[in-house]
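In what follows, a single structure is set out as structure tokens and then discussed.
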Amino acid sequence: MADGPWPDELDLSRPNGARVYDYLLGGAHNFQVDRDHAQRLLAANPEQQYGAQANRAFLRRVVEWCLDRGVRQFLDLGSGVPTVGNVHEIAHAHDPAVRVAYVDCDPIAVAHSTEVVDGLDTVSVTRADLTRPLEVLAAEGVAGLLDLDEPVALLAIACLHFIGGDAERFMAVFRERLAPGSVLAISHGSDDVDDPDHAARMRAVVESFRDTASPVTLRSRAELRELLGDLAPVEPGIVDVTDWPRAGLAARPAATWAAVAVKE
Ligand SMILES: C[S@@+](CC[C@H](N)C(=O)[O-])C[C@H]1O[C@@H](n2cnc3c(N)ncnc32)[C@H](O)[C@@H]1O
């Protein structure tokens, strides 16, 4: 585990999705309990590490796509533990003036992100619950950094499957607040895939997370479409993350749907 200090409320008795994902990506911001869980996860679904890498590669492509469209503000929900290819690093390689607001509920993710962006006045880190959109949007790190009357890329990448119940309810509030020209990008784990064995392995992943601090809810392709509301997905539509924006970017699917939509 990398250096502390750690927030007092850190729960080290149970694995946590942010830190397990960090471990799968080869990061150092995780504890033994997370590494042990990652090994159980990989036993349940050997494809899970590949899935994490494929999702992270999708994140990079979607950020670059937004930059190419001229979007200069990012609101990254469930931004995670910083690792290779953070949104502000990708964005600042294009334009150092791009503003990036990171939001995560996990104290480790927030502590490390804060350390990584120290000294950058174009980047903020906010600890908040993304299921409370009005609080997220009003937070100093978001409202004080981003101009929500201008286009924003709202990223919900590999985080909504950690939230059960009616995700459409709070996503609608975010969508409503986006200015025209804004982008909504989502990736989401699913067992709604062609390969029945892969579907079964995704359900085994859900089982393995059941009693952790981060239970997982898979959603179907149709349920992901609902999270876009009246925003239509851009081409090629809702596809596996490995097929966005074009098929054949990776050897095989990651059982993670990707959708990118633009608010007119
Ligand atoms: C698998 S990581 C994804 C990180 C990054 N978005 C990516 O795709 O590389 C999921 C992140 O969502 C965060 N998360 C889960 N539920 C959340 C909530 N209710 N509010 C804010 N963040 C949340 C977790 O703490 C974790 O850091």
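Here is how the numbers come out for the structure above:
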quantity	calculated
Whole-Hz couplings from phi, Karplus 6.51/-1.76/1.60, listed for the range 171-188; x for Gly and Pro	5, 4, 5, 4, 4, 4, 7, 5, 6, x, x, 6, 10, 10, 10, 10, 10, 7
Packing-based exposure ordering (other Cβ within 10 Å, fewest first) of E115, E264, E223	E264, E115, E223
Ratio of the Cα radius of gyration of the range 104-146 to 2.2 N^0.38 Å, where N counts its residues	1.12
Peptides ranked, highest mean first, by Cβ atoms within 10 Å: ranges 233-244, 196-207, 14-25	14-25, 233-244, 196-207
Global geometry of the range 145-264, whether rounded, prolate or oblate, following the gyration tensor of its Cα atoms and the 1.5 cut on a/c	oblate
Residues E176, E135 arranged by fewest to most Cβ contacts within 10 Å	E176, E135
R0 of 25 Å, Cβ-Cβ distance E207-E168: FRET efficiency to nearest 0.05	0.50
CD proxy at 222 nm, helix term only [per DSSP H run n ≥ 4: -39500 (n - 2.57); per residue of the chain; nearest 500]	-11500 deg cm²/dmol
Inter-label distance for A143 and E115, nm, one decimal - labels placed 7 Å from Cα along Cα-to-Cβ	3.1 nm
Backbone N within the range 161-193 under 18 Å of label point (7 Å from D230 Cα along the Cβ vector)	168-184
Least to most buried among S79, S208 (fewest other Cβ within 10 Å first)	S208, S79
Where a label projected 7 Å from the Cα of Q53 along Cα→Cβ would reach, residues of the range 62-99 with amide N under 14 Å	84
Net dipole in debye of the range 91-208 [+1 Lys, Arg Cβ; -1 Asp, Glu Cβ; about Cα centre; nearest 20]	160 debye
Among 98-109, 148-159, 209-220, 43-54, the order from most to least packed when residues are scored by Cβ within 10 Å on average	98-109, 148-159, 43-54, 209-220
Percent antiparallel among DSSP beta bridges (both partners in the chain, rounded to 5)	35 percent
Value in Å of the Kirkwood radius, where the chain supplies the Cα pairs that are averaged	18.4 Å
Among 55-68, 118-131, the order from most to least packed when residues are scored by Cβ within 10 Å on average	55-68, 118-131
Mean Cα-pair separation over length for the chain, i.e. relative contact order, pairs under 8 Å, 6 or more apart, %	19 percent
Kirkwood Rh and Cα Rg combined as Rg/Rh, the range 1-116	1.00
For the chain, size of Cβ-based charge dipole, Lys and Arg +1, Asp and Glu -1, in debye	460 debye
Electrostatic dipole magnitude of the range 76-149 [Cβ: Lys, Arg +1; Asp, Glu -1; Cα centre; debye, to 20]	100 debye
The range 193-262 - convex hull of alpha carbons, volume per residue in Å³	103 Å³
Expected-Rg normalisation [2.2 N^0.38 Å, Cα atoms] applied to the range 74-163	0.98
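Every number in this text was worked out from the coordinates using simple rules, so none of it is lab data. What you are looking at is a predicted structure, and each value in this text was computed from that prediction instead of being measured. Here the Cβ is made from the backbone with ideal geometry for all residues, glycine too, and neighbour counts use every protein chain on show.
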